[in-house]
Amino acid sequence: MKPRLLKGFRDIFSAEYLARRWMVETVRKVYERYGFVPIETPALEYVDVIGKYLPDCDKAEEGIFAFRDSDQSWVALRYDLTAPLSRLVAQYPNLPHPFRRYQLGLVWRDEKPGLGRFREFYQFDIDTVGSASMAADAEVCMVICDALQALGFAKGEYLVKINNRKVLNGVLELAGIPPVDDKGEFTAQALTTLRAVDKLDRLGFKGVAELLGPGRRDESGDFTRGAGLTAEAIALIEKYLGISGKGREEVLRSLAELVATSPMGQEGVAELREMCELLSAVGYDSTQVTVDPTVVRGLSYYTGPVFETVLTVPCRDEHGEPRQFGSIFGGGRYDSLVERFLGEKMPATGVSCGLDRLLEAMRLLGRIKTPKATSQVLITTMDKSLMAHYQKITHDLRRAGIACEMFLGQGNIKKQLKYADQWDIPLAIIIGSNEMARQEVTIKDLRKGRELASKIEDRETWKKAEQIQVTVPLSDIFSKVQEMLKI
RNA sequence: GCCGUUGUAGCUCAGCUGGUUUAGAGCGCCAGACUGUGGAUCUGGAUGUCAUGGGUUCAAAUCCCAUCAACGGUACCA
């Protein structure tokens, strides 16, 4: 039996765990500053509740982990936190509205894993349910900016890109494509068109134009059927996608002009304008939040504003290869998701933070400062006859509020210091017979030593290097340890 | 799902168009030089059913077929 992991699943070690905890704490504080409250919902839901409809067959829908429980009910691991939220809102009608919650949780998707894509990953969402106001959407953008700033990203290192599905639908109408059928579902042609548009960043205008027209054959020889649009329709969409400008106002003017004859499109532009006015009023400028017509956001349930956030800092992986990260925060307005349960409209908007991507990006950018260990101090055990003394010192430090551990393994001092080094423990305390006789302790600063090591070539100077360790009276141990940890 | 590439030590890989031996290197790991000190240096050490199954051949890590797995591209992703 070989120990192994499901593909797309991971074990998380302390370095990553502690980094994530720091990230969650930082973002959480921002969420709470905006008045969002925490909730938790189960990992498992009934399949139909979660939005997957299972015709009476044995096979679950693609993309979700689903199975029958002991009652033969179809259940599934949640694939996002939004569907469970809509269930919750519908189930507890007495919740005061608007209801504004945040939620951290694992979600699962049974898809092909890839670089930075897992089958089990964290989402950290905020949503406002019960408000149709564009202020709710504008606020989402503000939260994203504040969260990224709190994590240490400067203005210009990230960009929140916003668009509106009503604008997209308006453009589809003008191109002669009915966006939705009488049941309110997207038409096949609209879907194909939106999918093509969504690939703009990867394929460029040319590739998208092929997909809008007859179809596209990629390098591997694989053929993807296109939407079969007319040349005029393609030209219109290209014109739409090419819209850009100095600031939000300019982009909005161009968009308004393009969809002037579409009431749906006009409504979308008006919504975007309203959001932008609120953002400008509190100082979020176009280097932070920009209007971007190319943002589509999948196809799902969005009905109005949609948001996507990218990091604009150049990022390289450990091999020096440039690495692009997809959307770090993504979301939008979904006014008809809760309707499924309630039978009436329930406006809602929100965004999801892809913690894993963000974490990976910050790691590659060298911006994660959290340690691997929780111990601040390692008390080495050089002389086994002094174990009680070591234990006493360890415990006294703990009582003083200093996280520390006594070396519990086997081996000489060299091995013990190596252990401290491997775990990134900042300080080591050494007490041998010399120190014991004089009632002293030696405190070694491993961080300082690490810095010096890169500059020192030969062993003699390394051994004699000053300021790596100090010997102080036993009675001064707390003050000295605290002083050395502060740096 | 489809197309392609790859599968040799914990990791990264070398091993040319089949035949020098008991299959190599670097990194990492362990031990020692340094007996009370992490790095560096030096010395020594451990580790492989050459992915699996079959075939061709006097001879296969090397060629052929199948399977599995990984990676890349593409599609799908409510």
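Just one residue in the set A:A388, A:A437 is more than 11 Å from RNA strand B (Cβ to nearest atom), free of Cβ contacts under 8 Å to residues at least 60 places away in the same chain and not in a strand (DSSP E or B); that residue is A:A388. Look at segment A:407-426 and say how many of its residues are more than 10 Å from RNA strand B (Cβ to nearest atom) and either buried (at least 20 other Cβ atoms within 10 Å of the Cβ) or among the polar types (S, T, N, Q) (or both). Qualifying residue count, segment A:407-426: 1. Against the list (1) surrounded by fewer than 17 Cβ atoms within 10 Å (Cβ to Cβ); (2) touching a residue at least 40 places away in the same chain (Cβ under 8 Å); (3) of a type in the set (S, T, N, Q), the condition A:T193 fails is (1). Selection of first residues in segment A:1-28 that are farther than 27 Å from A:F65 by Cβ and of second residues that are within 14 Å of RNA strand B (Cβ to nearest atom) and assigned to a loop (DSSP other than H, G, I, E, B), restricted to Cβ pairs under 6 Å at least 6 apart or on distinct chains, gives the following pairs, ordered by first then second residue: A:S14/A:K372; A:A15/A:K372. Of everything in segment A:211-226 that's buried (at least 16 other Cβ atoms within 10 Å of the Cβ) and more than 10 Å from RNA strand B (Cβ to nearest atom), which residue is modelled with the highest pLDDT? Within segment A:211-226, the match that is modelled with the highest pLDDT is A:L212. The residue that is nearest to RNA strand B (Cβ to nearest atom), among those in segment A:440-469 that are surrounded by 15 or more Cβ atoms within 10 Å (Cβ to Cβ) and over 42 Å from the mean Cα position of the chain (by Cα), is A:T442.
For every residue, the table says whether it meets (1) within 28 Å of the chain's Cα centre (by Cα); (2) over 27 Å from A:L191 (Cβ atoms); (3) more than 16 Å from RNA strand B (Cβ to nearest atom); (4) hydroxyl-bearing (S, T, Y).
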position: A:R248; (1), (2), (3), (4): yes, yes, yes, no
position: A:L255; (1), (2), (3), (4): no, no, yes, no
position: A:P263; (1), (2), (3), (4): no, no, yes, no
position: A:G268; (1), (2), (3), (4): yes, no, yes, no
position: A:M275; (1), (2), (3), (4): yes, no, yes, no
position: A:S286; (1), (2), (3), (4): yes, yes, yes, yes
position: A:P293; (1), (2), (3), (4): yes, no, yes, no
position: A:R297; (1), (2), (3), (4): yes, no, no, no
position: A:Y301; (1), (2), (3), (4): yes, no, no, yes
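Restricting attention to segment A:44-59, the residues that are modelled with pLDDT of 55 or more and hydroxyl-bearing (S, T, Y) add up to 1.
Of all residues in segment A:380-401, those satisfying the criterion of being under 16 Å from A:S475 (Cα atoms) and of a type in the set (A, V, I, L, M) are A:I393, A:L397, A:A400.
When each of A:A420, A:A403 is tested for being modelled with pLDDT of 95 or more and within 15 Å of A:L378 (Cβ to Cβ), the lone residue that passes is A:A403. Restricted to segment A:16-45, and to residues there that are outside any loop (DSSP other than H, G, I, E, B) and of a type in the set (V, I, T), the residue that is surrounded by the most Cβ atoms within 10 Å (Cβ to Cβ) is A:V27. Checking every residue in segment A:47-61 against the condition of being without any contact (Cβ under 8 Å) to a residue 24 or more places away in the chain, touching a Lys or Arg at 6+ places or on another chain (Cβ under 6 Å) and closer than 21 Å to A:Y302 by Cβ gives at least one match. So for segment A:463-471 (the condition being part of a helix (DSSP H, G or I) and not assigned by TED's automatic domain parsing to the domain that holds A:A19), does at least one residue qualify? Looking through segment A:463-471, at least one residue is part of a helix (DSSP H, G or I) and not assigned by TED's automatic domain parsing to the domain that holds A:A19.
Among the residues of segment A:247-267, is any within 22 Å of A:Y158 (Cα to Cα), among the β-branched types (V, I, T) and modelled with pLDDT of 95 or more?
For segment A:247-267, residues within 22 Å of A:Y158 (Cα to Cα), among the β-branched types (V, I, T) and modelled with pLDDT of 95 or more: present.
Contact map, segment A:466-487: first residue free of Cβ contacts under 8 Å to residues at least 60 places away in the same chain, second residue among the basic types (K, R) and outside any helix (DSSP H, G or I), Cβ cut-off under 8 Å, separation 6 or more or different chains; pairs are A:I468/A:K444; A:Q469/A:K444. Condition first: among the hydrophobic types (A, V, I, L, M, F, W, C) and at pLDDT 95 or above. Can you find one or more residues in segment A:118-128 that meet it? Yes: segment A:118-128 contains one or more residues that are among the hydrophobic types (A, V, I, L, M, F, W, C) and at pLDDT 95 or above.
Using the structure shown, decide if A:Y92 is buried (at least 17 other Cβ atoms within 10 Å of the Cβ) and without any contact (Cβ under 8 Å) to a residue 40 or more places away in the chain. Answer is no for this residue. The requirement of being assigned to a strand (DSSP E or B) and under 32 Å from the mean Cα position of the chain (by Cα) is fulfilled somewhere in segment A:223-242, by at least one residue. Total residues in segment A:361-384 satisfying the condition of being within 13 Å of RNA strand B (Cβ to nearest atom) and more than 27 Å from A:E483 (Cα to Cα): the figure is 1.
In segment A:243-266, of all residues being in a loop (DSSP other than H, G, I, E, B) and of a type in the set (S, T, N, Q), the one that is nearest to A:K166 (Cα to Cα) corresponds to A:S262.
The values are calculated or read from the model by the stated rules, or taken from the named source; none is laboratory data. Everything numeric here is computed off the predicted structure, so don't read it as measured data. Note: ideal-geometry Cβ built from the backbone for every residue, glycine included; neighbour counts use all protein chains shown.
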